[in-house]
Amino acid sequence: MSLQGIGEAMEDEKEENMAAWLLGIETLKIQPFVLPPLGPHDVKVRIKALGICGSDVHHFKTMRCANFIVKKPMVIGHECAGVIEEVGSEVKSLKVGDRVALEPGISCRQCNLCKEGRYNLCPKMKFFGSPPTNGSLANKVVHPAYLCFKLPDNVSLEEGAMCEPLSVGVHACRRANVSPDTNVLIMGAGPIGLITLLAARAFGAPRIVIVDVDDCRLSIAKTLGADKTVKVSTSTEDIGKEMVQIQDAMGSGIDVSFDCVGLNKTMSTALIATRSGGKVCLIGLAQSEMTAPLTPAAAREVDVIGIFRYRNTWPLCIEMLKTGKIDVKPLITHRFGFSQKEVEEAFATSAKGGNAIKIMFNL
């Protein structure tokens, strides 16, 4: 190596890895982030695109999401894609320079759930940005190679980062057996409700109705392909009147309802609206506990299923993006760089909601 090359290598070694640390309620600070040593089966990835998830916002606003509580400073973020900078000695599937989307959860691969293939339920899961595991809103991360998926040339790094939320919609559609015979109701037109809309359409759902309290979100849902939209209130007293509007909008029986919010009202509405013998899939986790009319739903044999994140979804998501079967680009409404000011602005914008669907960092 030339003297110049040695000098450049030494400068690279001096480069400090920085990350966005959640220090307290609505308190983020870009600080150094020391990476673990590169293992033989790991890769080092320079993060290039990262989206803000609803769970990130919950952590930002309350230092918790459902039963996951932030008890010490934590690097935030998990929807990410980047470029391979270094590979471990045993890595054969990837090389330096490859563009990859990262699946953020590392399971133990040893417990019964992992061996059954349900690794998303692993009790020892280490998931980016879910306490106590540090996330990936950083210049670089180290991650197992088997959880890094090479992107085709026509799939951007931003689209690669969107594989994470898209995986939620894909996993939900798989769990609910969505097909060309399935009429779908979606409660909530937030980011996950909209991504579930795209996934359900890709799975062949012939008719999709989406419900929300916000006109702006419903307008976006319409542009993304919802057949009908229904505006509702937050009051449980209006369920009867709204049920008529939902049934009229669908025009026939509702086979599957996705609750992408997770409130007493949204779950109650989904249970009542779904036809006898249909399915209700709970995706949203707005409340840690809910009160819902399960007894009458059980009497009509309405199946209630839940999902937790996803499993084995990245290859399908990438294929759908590659072929154009799903276009996630319209969901990216805001973009920010990776400075202290921009990180603060990005999370403040996401926390406000409104017309902000997916906020993306370009690092």
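The values are calculated or read from the model by the stated rules, or taken from the named source; none is laboratory data. As the structure is a prediction and not an experimental result, all values here were calculated from the model. Cβ coordinates were reconstructed from backbone atoms using ideal geometry, including for glycine residues, and neighbour counts include every protein chain displayed.
Please go through region 61-85 and give me each residue that is modelled with pLDDT under 95 and buried (at least 21 other Cβ atoms within 10 Å of the Cβ), ordered by number.
Correct list: 65, 70.
Give 285, 321, 263, 316 a once-over and let me know the one that is closer than 24 Å to residue 66 by Cα and either in the same structural domain as residue 102 (by TED's automatic domain parsing) or touching a Gly at 6+ places or on another chain (Cβ under 7 Å) (or both). Give the derivation first.
Values: 321 fails: closer than 24 Å to residue 66 by Cα; 263 fails: either in the same structural domain as residue 102 (by TED's automatic domain parsing) or touching a Gly at 6+ places or on another chain (Cβ under 7 Å) (or both); 316 fails: closer than 24 Å to residue 66 by Cα.
Result of the check over 285, 321, 263, 316: 285.
Go through region 216-228 residue by residue and tally those that are small (Gly, Ala, Ser), in contact (Cβ under 8 Å) with a residue 12 or more places away in the chain and surrounded by fewer than 20 Cβ atoms within 10 Å (Cβ to Cβ).
At the first step, the residues of region 216-228 found to be small (Gly, Ala, Ser) are 219, 221, 225-226.
Still in the list and also in contact (Cβ under 8 Å) with a residue 12 or more places away in the chain: 221, 225-226.
Still in the list and also surrounded by fewer than 20 Cβ atoms within 10 Å (Cβ to Cβ): 225.
Looking only at that region, the number is 1.
Taking only region 83-97 into account, find how many residues are of a type in the set (D, E, K, R) and part of a strand (DSSP E or B). Give the derivation first.
Of the residues in region 83-97, the ones of a type in the set (D, E, K, R) are 85-86, 90, 92, 95.
Then drop every residue that is not part of a strand (DSSP E or B), which leaves 85-86.
Number satisfying all stated conditions: 2.
Contact list please: Cβ distance under 8 Å, first residue in region 200-211 and closer than 17 Å to residue 189 by Cα and at pLDDT 95 or above, second residue in a helix (DSSP H, G or I) and of a type in the set (Gly, Ala, Ser), pairs at least six apart or on different chains.
200/169; 208/200; 209/249; 210/193; 210/221
So, in region 326-363, of the ones that are in contact with a Lys or Arg (Cβ under 7 Å, 6 or more places away or on another chain) and not in a helix (DSSP H, G or I), which residue ends up surrounded by the most Cβ atoms within 10 Å (Cβ to Cβ)?
360
Pick from region 62-82 the residues that are part of a loop (DSSP other than H, G, I, E, B) and over 18 Å from the mean Cα position of the chain (by Cα): which of them is farthest from residue 28 (Cα to Cα)?
Step one: filter region 62-82 for residues part of a loop (DSSP other than H, G, I, E, B), giving 63, 66-67, 70-73, 76-78.
With the extra rule that they be over 18 Å from the mean Cα position of the chain (by Cα), the set shrinks to 63, 70-73.
On the way: 63: 11, 70: 13, 71: 15, 72: 13, 73: 9 Å.
Looking at residues that are part of a loop (DSSP other than H, G, I, E, B) and over 18 Å from the mean Cα position of the chain (by Cα), I get 71.
Anything in region 224-240 that is of a type in the set (S, T, N, Q) and under 12 Å from residue 209 (Cβ atoms)? List them, or say none.
First, the residues of region 224-240 that are of a type in the set (S, T, N, Q): 229, 233-236.
Answer for region 224-240, where residues must be of a type in the set (S, T, N, Q) and under 12 Å from residue 209 (Cβ atoms): just 229.
Restricting to region 255-272, name every residue that is within 17 Å of residue 213 (Cα to Cα) and part of a helix (DSSP H, G or I).
Correct list: 264, 265, 266, 267, 268, 269, 270.
Would you be able to tell me the number of residues in region 169-197 that are assigned to a helix (DSSP H, G or I) and closer than 16 Å to residue 224 by Cα?
Keep residues of region 169-197 that are assigned to a helix (DSSP H, G or I), which gives 169-175, 191-197.
Among the residues that remain, those that are also closer than 16 Å to residue 224 by Cα are: 169, 191-197.
Counting residues in region 169-197 that are assigned to a helix (DSSP H, G or I) and closer than 16 Å to residue 224 by Cα gives 8.
Would you mind finding the one in 39, 88 that is in the same structural domain as residue 317 (by TED's automatic domain parsing), out of contact with any strand residue (DSSP E or B) (no Cβ under 6 Å at 6 or more places or on another chain), surrounded by 14 or more Cβ atoms within 10 Å (Cβ to Cβ) and in contact (Cβ under 8 Å) with a residue 40 or more places away in the chain? First the steps, then the outcome.
Details: 88 fails: out of contact with any strand residue (DSSP E or B) (no Cβ under 6 Å at 6 or more places or on another chain).
Going through 39, 88 in turn, the sole match is 39.
Taking residue 142, is it at pLDDT 95 or above, in contact with a Pro (Cβ under 7 Å, 6 or more places away or on another chain) and of a type in the set (A, V, I, L, M)? Let's see the steps before the verdict.
Numbers: at pLDDT 95 or above: yes; in contact with a Pro (Cβ under 7 Å, 6 or more places away or on another chain): yes; of a type in the set (A, V, I, L, M): yes.
So residue 142 fits the description; yes.
With without any contact (Cβ under 8 Å) to a residue 12 or more places away in the chain, surrounded by fewer than 20 Cβ atoms within 10 Å (Cβ to Cβ) and out of contact with any Pro (no Cβ under 6 Å at 6 or more places or on another chain) as the only criterion, which of 241, 231 stands out?
Numbers: 231 fails: without any contact (Cβ under 8 Å) to a residue 12 or more places away in the chain.
Step by step, each of 241, 231 is checked, and only 241 is without any contact (Cβ under 8 Å) to a residue 12 or more places away in the chain, surrounded by fewer than 20 Cβ atoms within 10 Å (Cβ to Cβ) and out of contact with any Pro (no Cβ under 6 Å at 6 or more places or on another chain).
If residue 6 satisfies every condition in (1) hydrophobic (A, V, I, L, M, F, W, C); (2) modelled with pLDDT of 95 or more; (3) farther than 13 Å from residue 128 by Cα but one, which is the exception?
(2)
Any residue that is touching a residue at least 24 places away in the same chain (Cβ under 8 Å) and closer than 30 Å to residue 62 by Cα - is there at least one of those in region 293-303?
Taking every residue of region 293-303 in turn, at least one turns out to be touching a residue at least 24 places away in the same chain (Cβ under 8 Å) and closer than 30 Å to residue 62 by Cα.
Residues 219, 156, 167: which one is farther than 20 Å from residue 272 by Cα and out of contact with any Lys or Arg (no Cβ under 9 Å at 6 or more places or on another chain)?
On the way: 156 fails: out of contact with any Lys or Arg (no Cβ under 9 Å at 6 or more places or on another chain); 167 fails: out of contact with any Lys or Arg (no Cβ under 9 Å at 6 or more places or on another chain).
Going through 219, 156, 167 in turn, just one is farther than 20 Å from residue 272 by Cα and out of contact with any Lys or Arg (no Cβ under 9 Å at 6 or more places or on another chain): 219.
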